[in-house]
Every structure is written in C-alpha cells, then in structure tokens.
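Scroll down for the structure; my scribbles are underneath it.
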Amino acid sequence: MRSKAVQRILVGCALLALAACSQKAETLKLAASQFETESRATIVLLEELRVAEIAPPAKSESAETADFIKNALESTRDATPDRIALWMNPDAGETVKASEEWAATLTRLNTQYRAFANTFASLEQASFTARDIVKKAEPVAVRLVGQIANFGKAVTDNPPEFLKQRTALSAQLKTLRAAQTNAADKRAKLSGWLDKWRALMQAETDLQRRIAEQSAKAASVGLAVVKQIRAYDQLSASDIADAMGIAFSAAGALTGRDVSALQNKANDVLGDIQSDPVWNSILQQSLEEVNQPKAKE
Amino acid sequence: MADNDSKVLKAAANAVTEIDMRYRAAGIDDKEDLKPKRDAAYDAYSLARLKLLEDGILATDADVALLDEIRLEIEEAAQTQALLIGAGRLIVALAKFV
C-alpha cells in the first residue's frame, strides 16, 4: 500500500507540478516581493526625513540675486568660487559625514529587502522540493519585519524637526519683532509669519505620519510573509487532497490503465530518488501526511 | 540605549539652533568663518538621527549571506523538481509499453 502511494505521489508531482504546492509557492513569492516593495518605500521616506531635517527653505533665483548683491557689497574679502556660492546662498550647508553614513545604511537596508525577495524568485519551480529549505529564512524574515516596524516607532518617539527651516523662520521672527514699523504693519507680518510656521509644523507632522503608516504597512505585509514561511513545510490536508485528487484522475486519464500498472517502472525511478538523502526525507515526510487521510478510509 | 540616543538627538538639535541663529545674525564675512561649525552641528544632528534608526536595525550582513545560500538551495531544488517531472513523464511514456 505504501509503495503504491509513493507512485501516486510521484506521478502526480511529475505530471502536474503539484497544483497546491505551486499555488503556495506563488503566494509566498508574491508576498515576499510585496514586502520588499513596501519596505523600500519606507526606506525612501527615511531618506526624505534626512533631507527635510537639514534642508534650507526653497530659494528663488531672484532671492539668490538679491543676497548675492547684498553680500558682495558687504564683504571685504576677495571673490572666489566658494565665496560666490556662499554669497548667493548663505543658507546652504554640507553634512559630509552624515550623508555618507546615511547612504551606506540605506543601501544596506535596501540590499537586505531585495535579497529577501530574491530568495524566493525560483520557488514556483521548486514548489515541492524546497519545502524544508524555505523554513530556513524564517529567522531572517522575523528580523526584517521587526526592524521595519522599529523605524516607524523611532520616528513616532522622536518626531521629525525640519531644523534649518525652523531656524530660518525663527530668525525671520526675530527680525520682524525688532523692526521699527507701525503696529498694524507689524501685526499683519506676524500673522503671515505664523501661517508659515503652522505650515512647517504641519509638514513635519505629515512626514511623521507617512513614515509611521508606511512602516506599519510594510510590517503587516512582512508578518503575513513570516506566517506563510512558518507554515510552508506543513502541507494541509486539503493541499494534499487537491494535489492527490488531480494526480489520480490525471494519471488514470493519461494512460487508460490503473495506476498500479505503473508500479514496476515507478520503482526504478523511486530507487534513484531514494538514494538522494534530501529527496528521501522529503518523500518520507510527505508520505506520513498522505497516509493520514488514507487511514480514515 | 535608544533613550540615551534620543537625548543625544535633542542636544544636537539645541546646538544646531543656537549656532544657526548666531550664523543668521552675523555679517557675511563672519558667516564664512562660522560656516564650518554650523555645518558640523547639522552633521552631528543628522548622525544622531541616523543612530536612532540604526538602534532598530536587527538584520546583519550574515543574514544577507544566509538568504543568498537559501536562494541557491531553492534554485537547486528547482532543478531537482524538473528532473522529477522528467522522470514522471518517462513513467507515463514507458507505461504505454507495459
């Protein structure tokens, strides 16, 4: 009885690539790819955070010209290319070390999520044979999910501060308050200033919300992936029933004979497969599961 | 760890604000002299923000190497499965002569 079941499995697998396994493989492959997409979207937002916190407010060409004229007249120093750049835009700055380290870290993160999705690229072609292998990715998957969730938490606990825009506005306020203008004019300007400040606070909150949201989205897709990986080596009774049902009917239809007629020829192939230890263990495990529904008959 | 890094971030933000307000109030030649310090303050802040995020990073290069190994194993398993499908076809072909 046992060897007959083996043949049935073999024929079913070979002819039909196990529909149930294949579907499971496709689902996992797609989910892992979706996890990569959502995670990398989170990483893009982290780069947006880096830039927003240190970037000066946008500056028009006419404002640049006005600054240049003012500073070129004021400076007592010789004009050099670096100085001309400073005179045009004193607000610009460089964060060399931080930029390099950020780039390295974000690249490393992107590599991790890409590597994770790539791991399962050939899974559909190995839907049955890779069942035990997939499980090895479980601890890594758990770590990748954990860290993408951590990024959301870190930004929630320590909200973004668009520092250079904040100080630019604070300096404007200082000038406004000190200005010797009439009260009505001052009030109008202060009101205009507050609108800008509110818009800045809103932009900070908005980025914080987008990061938290994207990080949560990526983590929830990731969690679904982890669950699929955890269950991947456990073919359910219905998976087996589907696969076996298709295998039996197809095997019968193809040959017009009872499956038992294939026994001798199948034994040769089975011998080859059993000589491979990996294959043999997969077969044995499948057998145990297949025998469960059989025992009910 | 993260608590401490959170304090570092706040301290860095305060340092940035202080030096940048001085910078903005200065004349252009003084700005030029202050600029390296101001850049350094922003650099420190940006590094502190990165540190907070890095506190949450759990996966390592070893994990990437492991994923690569798993990918190769899956590719090998795909070849094995292709062989098995070939074997199944052979059974069917041979069965015609049984």
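The values are calculated or read from the model by the stated rules, or taken from the named source; none is laboratory data. No experiment lies behind these values; they were computed from the predicted model shown. Ideal geometry is used to build each Cβ from the backbone, glycine not excepted, and the neighbour counts take in all protein chains shown.
Odds and ends about this structure:
- Residues that are in contact with a Ser or Thr (Cβ under 9 Å, 6 or more places away or on another chain) and facing another protein chain (nearest Cβ under 7 Å), drawn from region A:99-108: A:101, A:102
- Verdict on residue A:58 being modelled with pLDDT under 95, out of contact with any Leu (no Cβ under 8 Å at 6 or more places or on another chain) and not in a helix (DSSP H, G or I): yes
- Among the residues of region A:48-69, those identified as within 11 Å of another protein chain (Cβ to nearest Cβ) and under 44 Å from the mean Cα position of the chain (by Cα) are A:49, A:50, A:51, A:52, A:53, A:54, A:55, A:56, A:67.
- Only a single criterion out of (1) touching a Ser or Thr at 6+ places or on another chain (Cβ under 6 Å); (2) surrounded by fewer than 16 Cβ atoms within 10 Å (Cβ to Cβ) is not satisfied by residue B:80, namely (2).
- Test: residue A:98 is in contact with a helix residue (DSSP H, G or I) (Cβ under 9 Å, 6 or more places away or on another chain), at pLDDT 95 or above and either crowded, with 17+ Cβ neighbours inside 10 Å or of a type in the set (A, V, I, L, M, F, W, C) (or both): yes
- Boolean, residue A:109 is in contact (Cβ under 8 Å) with a residue 60 or more places away in the chain, surrounded by 19 or more Cβ atoms within 10 Å (Cβ to Cβ) and touching a Lys or Arg at 6+ places or on another chain (Cβ under 9 Å): yes
- Verdict on residue B:12 being touching a Phe, Trp or Tyr at 6+ places or on another chain (Cβ under 7 Å), surrounded by 14 or more Cβ atoms within 10 Å (Cβ to Cβ) and in contact (Cβ under 8 Å) with a residue 12 or more places away in the chain: yes
- For beta carbons closer than 8 Å, sequence separation of 6+ or different chains, a first residue in region B:46-61 that is of a type outside the set (Ser, Thr, Tyr) and a second that is in a loop (DSSP other than H, G, I, E, B), the qualifying pairs are B:49/A:158; B:52/A:158; B:55/B:1.
- In region A:169-193, the residues that are of a type in the set (Phe, Trp, Tyr) reach residues that are in a helix (DSSP H, G or I) with C-beta atoms within less than 8 angstrom, at least six apart or across chains, in these pairs: A:193/A:169; A:193/A:172; A:193/A:173; A:193/A:176.
- Elements of the type helices (runs of 4 or more DSSP H) sitting completely within chain B and holding at least 3 residues that are hydroxyl-bearing (Ser, Thr, Tyr) and modelled with pLDDT of 95 or more: these cover B:28-54.
- Cβ-Cβ contacts under 7 Å between residues 6 or more apart (or on different chains), taken from a first residue in region A:48-70 that is not assigned by TED's automatic domain parsing to the domain that holds residue A:200 and basic (Lys, Arg) to a second residue that is in a helix (DSSP H, G or I) and surrounded by 12 or more Cβ atoms within 10 Å (Cβ to Cβ), are absent.
- Against the criterion of being surrounded by 18 or more Cβ atoms within 10 Å (Cβ to Cβ) and under 12 Å from the mean Cα position of the chain (by Cα), residue B:53 qualifies.
For (1) surrounded by fewer than 16 Cβ atoms within 10 Å (Cβ to Cβ); (2) over 29 Å from residue B:5 (Cβ atoms), each residue gets a yes or a no:
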{"position": "A:174", "(1), (2)": "yes, yes"}
{"position": "A:180", "(1), (2)": "yes, yes"}
{"position": "A:189", "(1), (2)": "no, yes"}
{"position": "A:198", "(1), (2)": "yes, yes"}
{"position": "A:201", "(1), (2)": "yes, no"}
{"position": "A:205", "(1), (2)": "yes, no"}
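- Region A:128-164, subset among the small types (Gly, Ala, Ser), at the interface with chain B (Cβ under 7 Å from one of its Cβ atoms) and touching a helix residue (DSSP H, G or I) at 6+ places or on another chain (Cβ under 6 Å), residue surrounded by the fewest Cβ atoms within 10 Å (Cβ to Cβ): A:154
- If only residues of region A:70-95 that are within 7 Å of another protein chain (Cβ to nearest Cβ) and polar (S, T, N, Q) are counted, the one that is surrounded by the fewest Cβ atoms within 10 Å (Cβ to Cβ) is A:76.
- Unique match (being under 23 Å from residue A:42 (Cα atoms), at the interface with another protein chain (Cβ under 7 Å from one of its Cβ atoms) and of a type in the set (Lys, Arg)) among B:24, B:71, B:38, B:49: B:49
- Condition met for residue A:167 (within 11 Å of chain B (Cβ to nearest Cβ), at pLDDT 95 or above and touching an Asp or Glu at 6+ places or on another chain (Cβ under 6 Å)): yes
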